[in-house]
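The values are calculated or read from the model by the stated rules, or taken from the named source; none is laboratory data. Worth saying up front: this structure is predicted, and the values here are computed from it rather than measured. Glycine gets a Cβ as well: all are built from the backbone with ideal geometry, and neighbour counts include every protein chain shown.
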Ligand SMILES: [Zn+2]
């Protein structure tokens, strides 16, 4: 049963072999690296995830441990256009394959479409969810359209319409006087 697994200590091999699934919710308060990106104090925000394990066999018949993982979280970031808080939906969906050691992971990750990670008997799924959500944060977060026009970035058309310096009334008067005075 899915609920018997602890996402911080997932027994990867058994999870994959039995084709188990685990879904859950992690409060943002428990995801420090994601929380650090938040523009506001996260009160009720949480990340959702769903993981499915599977055992597959390579061409030589050796079993491989796979994990299909998807996750999502709504995070409040600072809009880089208007500098106001903007809610951004982060999500990812990826396949992971586990190998015996770092060296193999480094080589095979480059060659594979799936992400290759080092096998751990007790795998911290929660950390992987956080890693992927941090990667899903846009480099330049922005509102699709900002709630208000930023104050100083747009020229006011009325201001421009006020013609190039209308002459001061006294200056006009002075001009008239000069014109009427005999030369
Ligand atoms: Zn904005």
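Some observations on this one:
- Answer from 93, 78, 87 - the residue that is under 15 Å from the mean Cα position of the chain (by Cα) and in contact (Cβ under 8 Å) with a residue 40 or more places away in the chain: 78
- Residue list for the stretch 80-134, restricted to those being surrounded by 13 or more Cβ atoms within 10 Å (Cβ to Cβ), under 27 Å from residue 30 (Cα atoms) and within 16 Å of the ligand (Cβ to nearest atom): 80, 84, 85, 86, 87, 88
- Test for residue 145: is it over 17 Å from the mean Cα position of the chain (by Cα), within 15 Å of the ligand (Cβ to nearest atom), surrounded by fewer than 17 Cβ atoms within 10 Å (Cβ to Cβ) and free of Cβ contacts under 8 Å to residues at least 60 places away in the same chain: yes
- In the stretch 104-130, the residues that are assigned to a helix (DSSP H, G or I) and more than 22 Å from the chain's Cα centre (by Cα): 104, 105, 106, 107, 108, 109, 110, 111
- Flag if residue 69 is buried (at least 18 other Cβ atoms within 10 Å of the Cβ) and either free of Cβ contacts under 8 Å to residues at least 40 places away in the same chain or within 16 Å of the ligand (Cβ to nearest atom) (or both): no
- Residue within the stretch 17-40 that is within 16 Å of the ligand (Cβ to nearest atom), at positive phi and surrounded by fewer than 16 Cβ atoms within 10 Å (Cβ to Cβ) present: no
- Looking across the stretch 1-12, the residues that are modelled with pLDDT of 90 or more and in contact with a strand residue (DSSP E or B) (Cβ under 6 Å, 6 or more places away or on another chain) come down to 5, 7, 9, 10, 12.
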